[in-house]
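A quick write-up on the structure given underneath.
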Ligand SMILES: Nc1nc2c(c(=O)[nH]1)N[C@H]1C(S)=C(S)[C@@H](COP(=O)(O)O)O[C@H]1N2
Ligand SMILES: [Mo]
């Protein structure tokens, strides 16, 4: 595991995807070669399911951000509002066994064990640009499966127009939930066509490995064309609904955090511009870049919003 983490130290937007891929192949070969000398730990054996995941056609040709940065600078208000502290505090969360309650407008509601969900949904790597509303971005090789594929198994009814997601509520370990910074538990939502879009995934891993707890283990949403706050972590409940649900951020600051939250350089956050973004990297010279509409995924998703005023529906 340590080897893999070190391997990403120099990856940045300067290093191209081919270098990342060949380095990864080299590491895998090296790991295989040393198998006789080093017995795999239990964790490594379990991580086997992540080691052979294939990069699917929906991945963007981008070079991942340093693993260290992606895992040490996280937003997880259940633990802390400090982006540096949640990587330590989140380790207290028990992520197995884990189940997801499915309710609402579905023919097959129930409590689904995560292991069964994983058996039904083959994993795939998706390298996506990911952008926080606070104007920083990173590139993450997520491992997961399409949300739509999972939802179809629950058989949504024709009344299902929206999907609501809920994070686990456990103030004993999620010490941030003892404060009123947000209304707990954290909830988020998508319109059904956004949820069914092939770019929208449920992630269970990243960088050839299990999802770190601070990044939302064991199961989180990833919607790459929307600001990061839509990508809810540690999901325990999914409800299919006829009406648009409230969301945690929408309740706390509706002027700042709309339901749609599509990345859009033309629509400013009330307190700052969204025109530029800081690319997360360990260097203090980390580059800034122009923000792209729909975070660069416009070709795939712009049609979902045709005819909608995105300044009004922010
Ligand atoms: N449950 C929960 N999910 C959450 C958050 C949170 O505080 N709690 N923060 C959101 C925000 S604001 C962002 S930018 C992303 C950050 O994901 P990362 O920490 O894996 O980079 O998670 C989102 N999902
Ligand atoms: Mo965010």
(request) Look at the range 60-114 and say how many of its residues are assigned to a strand (DSSP E or B) and more than 10 Å from ligand 1 (Cβ to nearest atom). (result) 11
(request) For residue 171, state whether it is in contact with a helix residue (DSSP H, G or I) (Cβ under 7 Å, 6 or more places away or on another chain), free of Cβ contacts under 8 Å to residues at least 60 places away in the same chain and more than 9 Å from ligand 1 (Cβ to nearest atom). (result) yes
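So that you can scan it fast, the table gives a plain yes or no per residue for (1) assigned to a loop (DSSP other than H, G, I, E, B); (2) near ligand 1 (Cβ under 10 Å from one of its atoms):
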residue: 176; (1), (2): no, yes
residue: 181; (1), (2): yes, yes
residue: 188; (1), (2): no, yes
residue: 243; (1), (2): yes, no
residue: 257; (1), (2): yes, yes
residue: 274; (1), (2): yes, no
residue: 277; (1), (2): no, no
(message) Within the range 190-219, take every residue that is surrounded by fewer than 22 Cβ atoms within 10 Å (Cβ to Cβ) and assigned to a strand (DSSP E or B) and give me the one that is farthest from the chain's Cα centre (by Cα).
(response) 191
(message) So, in the range 93-105, exactly how many residues are touching a helix residue (DSSP H, G or I) at 6+ places or on another chain (Cβ under 8 Å) and either in contact (Cβ under 8 Å) with a residue 40 or more places away in the chain or surrounded by 13 or more Cβ atoms within 10 Å (Cβ to Cβ) (or both)?
(response) 6
(message) Quick check on residue 139: is it touching a strand residue (DSSP E or B) at 6+ places or on another chain (Cβ under 7 Å), away from ligand 1 (no atom under 14 Å from the Cβ) and closer than 24 Å to residue 74 by Cβ?
(response) no
(request) Select, from 238, 232, the only residue that is crowded, with 18+ Cβ neighbours inside 10 Å and part of a loop (DSSP other than H, G, I, E, B). (result) 232
(request) Could you list all residues from the range 277-299 that are under 21 Å from residue 64 (Cα atoms) and out of contact with any strand residue (DSSP E or B) (no Cβ under 9 Å at 6 or more places or on another chain)? (result) 282, 283, 284, 285, 298
(request) Consider only pairs whose beta carbons are under 9 Å apart and that are at least six residues apart or on different chains; among these, list those whose first residue lies in the range 68-83 and is farther than 18 Å from residue 188 by Cα and more than 14 Å from ligand 2 (Cβ to nearest atom) and whose second residue is at pLDDT below 95 and not in a loop (DSSP other than H, G, I, E, B). (result) 68/5; 71/5
(request) Scan the range 129-138 and give yes if some residue there is under 20 Å from the mean Cα position of the chain (by Cα), surrounded by 16 or more Cβ atoms within 10 Å (Cβ to Cβ), away from ligand 2 (no atom under 16 Å from the Cβ) and in contact (Cβ under 8 Å) with a residue 40 or more places away in the chain, otherwise no. (result) no
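The values are calculated or read from the model by the stated rules, or taken from the named source; none is laboratory data. Remember, predicted model here, so these are calculated numbers, not experimental data. Using ideal geometry, Cβ is built from the backbone for each residue, glycine included, and neighbour counts are taken over all protein chains shown.
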